[in-house]
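The values are calculated or read from the model by the stated rules, or taken from the named source; none is laboratory data. Note that the coordinates shown come from a computational prediction; the quantities given were computed from them, not determined experimentally. Cβ placement follows ideal geometry from the backbone for every residue including glycine, while neighbour counts extend to all protein chains displayed. Just so you know, the surface numbers come from the protein's heavy atoms only, side chains and all, with ligands and any DNA or RNA stripped out. Shrake-Rupley method; radii C 1.70, N 1.55, O 1.52, S 1.80 Å.
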Amino acid sequence: MKRTTMMIAICIVALTFLFAMSVASHAFNEASLENLKSAGQCPGCDLSYAPLSESNLSGANLAGANLSAANLTNANLSSANLTNANLSGAILGGADLSYATIAGANLSGAIWLDGVKRCLYGSIGTCVLPQED
């Protein structure tokens, strides 16, 4: 019985460690976020999971940036360059994408501008929404 209890404890510790490591690996790069805020550009940078809701990113250069799972709710992305950016799983509800360049951007699984519908897998350069019944 003691051996079983010890094995369970070891498994719990190991799983806790693995979970902590996976959460840390999904964090955005703080320096990239600061660069975006100060210079208005961050091409090719890692902003995955970044909290960018309500941000004014109008005209920002984010070409090739990793914005996967970033929170861009109500962000102003008008005239932003998002060419070839990874926006998979990003939250875009209420975002302003007017005049933004999204050619080649991966929008797979992104929550679209209505804040409800998700872009279908394989949505590249445009959000393909599920068919309405």
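The residues of the range 27-49 that are on the phi < 0 side of the Ramachandran plot and aromatic (Phe, Trp, Tyr) amount to a single one, PHE28. In a residue-by-residue description of the range 68-77, the property of being small (Gly, Ala, Ser) and either surrounded by fewer than 16 Cβ atoms within 10 Å (Cβ to Cβ) or not in a loop (DSSP other than H, G, I, E, B) (or both) applies to no position.
Which one is least open to solvent (accessible area, probe 1.4 Å) among residues in the range 79-126 that are farther than 21 Å from GLY44 by Cα, assigned to a loop (DSSP other than H, G, I, E, B) and not small (Gly, Ala, Ser)? Here the residue is CYS119.
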